[in-house]
Amino acid sequence: MDTFYTGIGSRKIPQDIADIIEELGYCLAGKGFSLRSGASLGADTAFELGAIRGKGRFEIYLPWEGFGKRKGKGYYNAEKMVNYSRACKIALKYHPDFSNLSINAKKLIVRDTYQVLGYDLNTPSNFIICWTSDACISSEQRTEKTGGTGQAISIAADLGIPIYNLRIQSHREKVVDWLSTCK
């Protein structure tokens, strides 16, 4: 049985964080963890590149066909999932203004549901690792700066899934310490 983690975050991340994230994706793949992410630029792509380099398993959820020019094994078009309407209901529950989003913004937010709960929406990730500029780790801390990552954080926090945000110094230090033993 797979041990899943969700690797996500902002589209604009500092280069040192991108390097840490890619190395983390590589090391976690080597330890048998399977990545869930969303093919966005920045943190998502860094996690994905690390998992690929580490020859790890991954589930990359795309909001629509052709997003990020990704296709093939491990890539899932969220809007074509058989349980998409259920994922929409979950997204509505956790997003503060879901009904007023554009169609594409809704698809991006629904995709975040799969990143945390998996393709069956019943297999939550064991933990979330992310980077947001506002260091968010709960629904209460969610701001505009959290971006779409806030949706996954809100779902995970509600379910009691541990969230590690690399913008928080102590979280980053723990990850860097662990990476030094991963080699």
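The values are calculated or read from the model by the stated rules, or taken from the named source; none is laboratory data. Since the structure is predicted, the reported quantities are computational estimates derived from the model, not experimental observations. Methodologically, a virtual Cβ is constructed for each residue, glycine included, from the backbone with ideal geometry; neighbour enumeration extends over all protein chains shown. Surface areas here come from the heavy atoms of the whole protein model, side chains and all, with no ligands, DNA or RNA. Shrake-Rupley method; radii C 1.70, N 1.55, O 1.52, S 1.80 Å.
Pairs, please: C-beta under 6 Å, at least 6 apart or cross-chain, first residue closer than 16 Å to Tyr76 by Cβ and in contact (Cβ under 8 Å) with a residue 60 or more places away in the chain and in region 37-48, second open to solvent by 10 Å² or more (accessible area, probe 1.4 Å) and assigned to a helix (DSSP H, G or I)?
Gly38/Arg111
Matching residues to (1) of a type in the set (A, V, I, L, M, F, W, C); (2) more than 17 Å from Asp112 (Cα to Cα):
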position: Gly30; (1), (2): no, yes
position: Gly38; (1), (2): no, no
position: Gly50; (1), (2): no, yes
position: Tyr75; (1), (2): no, no
position: Ala87; (1), (2): yes, no
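Quick check on my filter: what residues within region 113-154 are more than 23 Å from Asp16 (Cα to Cα), charged (D, E, K, R), assigned to a loop (DSSP other than H, G, I, E, B) and out of contact with any Cys (no Cβ under 8 Å at 6 or more places or on another chain)?
Within region 113-154, Asp120 is the sole residue that qualifies.
Which one is farthest from Asp44 (Cα to Cα), of the residues in region 152-183 that are surrounded by 13 or more Cβ atoms within 10 Å (Cβ to Cβ) and among the charged types (D, E, K, R)?
In this case the residue turns out to be Asp158.
Limited to region 155-183, what total is found for residues that are under 19 Å from Ala29 (Cα atoms), β-branched (Val, Ile, Thr) and in a helix (DSSP H, G or I)?
So the answer is 3.
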